[in-house]
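Undergrad: What follows is a structure written as structure tokens; I'll ask about it next.
Just so it is clear, none of the values below were taken in a lab; they were calculated from the coordinates. Nothing here was measured: the structure is a model prediction, and the numbers come from that model. Here the Cβ positions follow ideal geometry from the backbone for every residue, glycine too, while neighbour counts run over all protein chains shown.
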Amino acid sequence: VSDRIASATLRARITDADTAAALIQPGETVGMSGFTGSGYPKAVPQALARRIAGERASGRPFRINLWTGASTGPELDGALAAVDGIAQRLPYSSDPVAREKINRGEIDYLDMHLSQVAPMAWEGVIGTLDTAVIEVSGIRADGSLIPSSSVGNNKTWLDRAKRVILEVNRWQNAALEGAHDIYYGTRLPPQRVPIPLTRPDDRIGTPYLACDPDKVVAVVETDAPDRNLPFAAPDDKALAIAGHIIEFLSHEVKRGRLPASLLPIQSGVGNIANAVLSGLVDAPFEPMTAFTEVIQDGMLDLLDAGKLRMASATAFSLSPAAADRLNANMASYASRMILRPQEISNHPELVRRLGCIAMNGLIEADIYGNVNSTLVMGSRIQNGIGGSGDFARNGYVSIFMTPSTAKDGRISAIVPQVSHVDHIMQDVQVIVTEQGLADLRGLSPRQRASVVIERCAHPSYRPLLADYAARAKGGSYGLHAPSLPGEALSWHQRFMETGTMLPA
Ligand code: 0RQ
């Protein structure tokens with residue numbers, strides 16, 4: 001019997017994944033752990049997928065509503081999507097199988113700000129939770145839980161669900177114990193009070209998750225790694241983007257607008273965000289802190305180099321090599337990391353108070369600086385808004401970055417008008433591509449357009465954008481943010497019809 005389960009009461013509930021999965025009924029809403037491929041349950045979701053496949057083969061439809069922290073892994077999202085077992089999904093997903101089903105209209109996807117999920121679950125406006133399936137790294141004698149490599153919405157799922165299934169994963173490093181900070185002081189209005197966190201390294205809660213043992217219907221032991229996808233080595237474009245951002249930050253320090261150690265950094269998901277973090281290893285800023293959502297490879301590099309003093313997040317998002325590095329030195333890293341619930345890691349109040357430097361990726365931006373992070377051609381979901389909105393609106397400075405083109409140059413990331421808006425121009429202060437950086441602070445829409453076109457657009461699209469902007473000034477209904485509505489989305493239409501945004 002696992003030495004990870006110290007509670008005799010809960011040891012008595014140890015069972016296998018199939019027996020645990022059989023406790024979940026068709027039509028249930030299930031809250032699972034998991035955030036960017038870390039800390040998601042690995043055995044019960046796969047057992048559930050087998051059961052769903054069997055039921056469907058016998059003509060009995062079986063779908064659940066699936067809530068998590070953010071994206072998970074192929075054993076969870078992938079397995080359940082493949083058997084058409086998901087009716088509704090929230091709040092974030094990056095699984096390729098699930099993405100296809102969402103875009104075919106077969107899964108109802110609620111793409112939500114990650115900080116708002118727990119409060120909305122407490123408000124009761126997104127439905128009620130039947131079962132929670134939560135991965136932990138251990139159970140203490142008093143029944144409290146040692147969290148694993150992500151915290152996400154686990155606190156809320158454990159509190160709100162009628163039944164709880166625990167996966168105790170011995171692959172998770174035992175030295176993680178103590179690295180978490182679970183804050184139990186959030187309330188709904190009018191009882192809501194300020195969150196007592198004024199520095200990124202403040203601890204305001206306890207290292208453990210509370211869980212009513214009477215609700216625990218099954219405990220399943222696992223020994224399975226987190227998904228941990230490798231990052232691509234930064235290419236020339238990613239390196240150029242990182243260079244522009246570091247030059248910008250240096251300039252801000254020189255002007256006295258940022259301290260020499262910067263302000264807490266937030267970095268989004270993806271290869272470019274990771275390249276920027278790696279680039280900061282050779283930058284002059286220290287000692288930095290991070291108040292962010294995920295701890296990526298680049299953050300470990302910064303911690304190793306002594307440039308980053310500490311990192312606060314809700315999850316790890318590491319390559320297999322970096323996960324090995326973390327696990328080999330967990331005791332040393334754990335003292336410099338705090339993993340919090342996502343309602344705290346992403347809390348607008350805290351992001352604003354601390355003055356985070358927000359750095360996020362985008363799908364497309366328009367000449368005025370409106371940003372689309374989620375919907376390709378205005379309708380096809382890529383991943384979701386994730387935490388980008390939590391940080392972009394509330395950060396001290398909000399930076400968005402992207403290569404200037406996608407799909408081998410057939411798509412311009414800078415367009416006359418975005419086909420969908422996630423971040424309005426007021427929430428977008430700096431746009432960076434490999435071509436250059438546009439600092440849009442203090443500029444009117446017309447001034448923004450010239451700077452974005454000149455600094456950020458790819459040379460093969462720059463004249464087309466300049467031509468559009470010039471003609472818009474001549475034919476627009478108003479001249480505050482000139483636009484030609486009949487033409488503004490013609491680049492997207494052309495791509496859908498001809499496979500490229502470039503005219504013949
Ligand atoms: O598609 O994989 O089919 O080649 O989008 O693009 O260039 O690899 O960039 O990994 O940084 O992702 C916005 C998606 C960028 C990400 C987005 C296609 C491109 C490729 C990925 P392929 P890249 P990145 C907090 C922050 C929202 C969540 C967020 C994201 C794929 O940053 O999901 O910010 N952000 N969270 O080809 C058509 C375009 C395109 C395009 C890119 N204009 N048109 N396809 N692509 N631009 C962290 C969390 O919330 C967890």
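Undergrad: For the range 391-504, what does the relative contact order come out to in percent, with C-alpha contacts under 8 Å and a separation of six or more?
TA: This gives 25 percent for the range 391-504.
Undergrad: How do 163-172, 7-16 rank on mean C-beta neighbours within 10 Å, highest first?
TA: 163-172, 7-16
Undergrad: Under 18 Å Cα-Cα from LYS473, which aspartates and glutamates qualify once same-chain neighbours fewer than 8 residues away are excluded?
TA: Output for LYS473: ASP366, GLU454, GLU487.
Undergrad: What are the residues whose amide H is under 5 Å from the amide H of VAL168, where those residues sit 5 or more places off or on another chain and H is modelled from the backbone?
TA: Those qualifying (amide H under 5 Å, at least 5 residues apart or on another chain) are VAL136, VAL220, GLU221, THR222.
Undergrad: Just to confirm the filter: which GluC sites (Glu not before Pro) across the range 42-111 are DSSP coil and have at most 15 other Cβ within 10 angstrom of their Cβ? Walk me through the intermediate numbers first.
TA: Numbers: sites: GLU55, GLU75, GLU100, GLU106; in loops: GLU106.
Those that pass, being in a loop and sparsely packed, are GLU106.
Undergrad: Tell me the relative contact order for the chain as a rounded percent, counting alpha carbon contacts under 8 Å between residues six or more apart.
TA: Once divided by the residue count of the chain, the mean separation gives 14 percent.
Undergrad: Select from the range 407-504 those chymotrypsin sites (Phe, Trp or Tyr not before Pro) which occupy a DSSP coil region and have at most 10 other Cβ atoms within 10 Å, ordered by residue number.
TA: For chymotrypsin sites (Phe, Trp or Tyr not before Pro) across the range 407-504 that sit outside H, G, I, E and B with at most 10 neighbouring Cβ atoms in 10 Å, the list reads TYR477.
Undergrad: Rounded, prolate or oblate, given the Cα gyration tensor of the range 160-266, with a/c below 1.5 counting as rounded?
TA: Taking the square roots of the gyration eigenvalues as a ≥ b ≥ c, the range 160-266 is oblate.
Undergrad: Relative contact order, percent, of the range 70-198 when contacts are C-alpha pairs under 8 Å separated by at least 6 residues?
TA: Numbers: 154 pairs, mean separation 23.8, N = 129.
Computed over the range 70-198, the figure is 18 percent.
Undergrad: For the range 423-504, list log₁₀ I(q)/I(0) at each q in 0.13, 0.16, 0.18 Å⁻¹, using the Debye formula over Cα point scatterers of equal strength and ignoring solvent, two decimals each.
TA: The Debye formula, applied to the Cα set alone, gives -0.45, -0.69, -0.87.
Undergrad: Compute the length gained on full extension between ARG187 and ALA174: take 0.36 nm times their separation in residues and subtract their Cα-Cα distance, giving the result in nm to one decimal.
TA: 1.5 nm
Undergrad: What is the Cα centroid distance between the range 289-346 and the range 350-379, reported in whole angstrom?
TA: Spelled out, the Cα-based centre of one part sits 23 Å from the other.
Undergrad: Which entries in LYS155/LYS307; LYS42/LYS237; LYS254/LYS307; LYS42/LYS155; LYS307/LYS407 show an alpha-carbon gap greater than 30 Å? Let's see the in-between values first.
TA: Working: LYS155/LYS307 32 Å; LYS42/LYS237 36 Å; LYS254/LYS307 19 Å; LYS42/LYS155 19 Å; LYS307/LYS407 35 Å.
Where the Cα-Cα span goes over 30 Å, the pairs concerned are LYS155/LYS307; LYS42/LYS237; LYS307/LYS407.
Undergrad: Right, something else. Calculate the length of the line joining the C-alpha centroid of the range 92-151 to that of the range 1-41, in whole Å.
TA: 14 Å
Undergrad: Quick one: net charge around ILE453, please, counting Lys, Arg +1 and Asp, Glu -1 for every other residue with C-beta under 15 Å from its C-beta.
TA: Summing Lys and Arg as +1 and Asp and Glu as -1 gives +1.
Undergrad: For the range 1-110, what does the convex hull of the Cα positions come to per residue, in cubic angstrom?
TA: Working: hull volume 11.3 nm³, N = 110.
Looking at the range 1-110, the number lands at 103 Å³ per residue.
Undergrad: Ok, one more. Would you calculate the separation in nanometres between label points at LEU489 and ALA53, each defined as 7 Å from the Cα along the Cα-to-beta-carbon direction?
TA: 4.0 nm
Undergrad: What spacing in nm lies between the two simple spin-label points modelled at ALA141 and MET496, each 7 Å away from Cα in the Cβ direction?
TA: 6.4 nm
Undergrad: What does the C-alpha gyration tensor say about the overall shape of the range 442-484? Classify as rounded when a/c is under 1.5, otherwise prolate if a/b is larger than b/c, or oblate.
TA: oblate
Undergrad: Separate question: Rounded, prolate or oblate: which fits the range 224-379 when a ≥ b ≥ c are the square roots of the eigenvalues of the alpha-carbon gyration tensor, with rounded for a/c under 1.5 and prolate only if a/b beats b/c?
TA: Since a/c stays below 1.5, the shape of the range 224-379 is classed as rounded.
Undergrad: For the chain, build the convex hull from the C-alpha positions and give me its volume per residue in Å³.
TA: Per residue, the Cα convex hull of the chain comes to 148 Å³.
Undergrad: A follow-up question, please. With just the Cα atoms defining each centre, how far is the range 447-504 from the range 211-274? Give it in Å.
TA: After rounding, the separation between the Cα centres reads 32 Å.
Undergrad: List the aspartates and glutamates whose Cα lies under 15 Å from the Cα of LYS101, skipping any in the same chain that are fewer than 8 positions away.
TA: ASP77, ASP84, ASP111
Undergrad: Among the trypsin sites (Lys or Arg not before Pro) in the range 397-466, which ones are in a DSSP loop with at most 12 other Cβ atoms within 10 Å of the Cβ? Mind listing them? Before the final figure, lay out the partial values.
TA: Details: sites: LYS407, ARG410, ARG441, ARG446, ARG448, ARG455; in loops: LYS407, ARG410, ARG441.
Sites meeting the loop and neighbour criteria: LYS407, ARG441.
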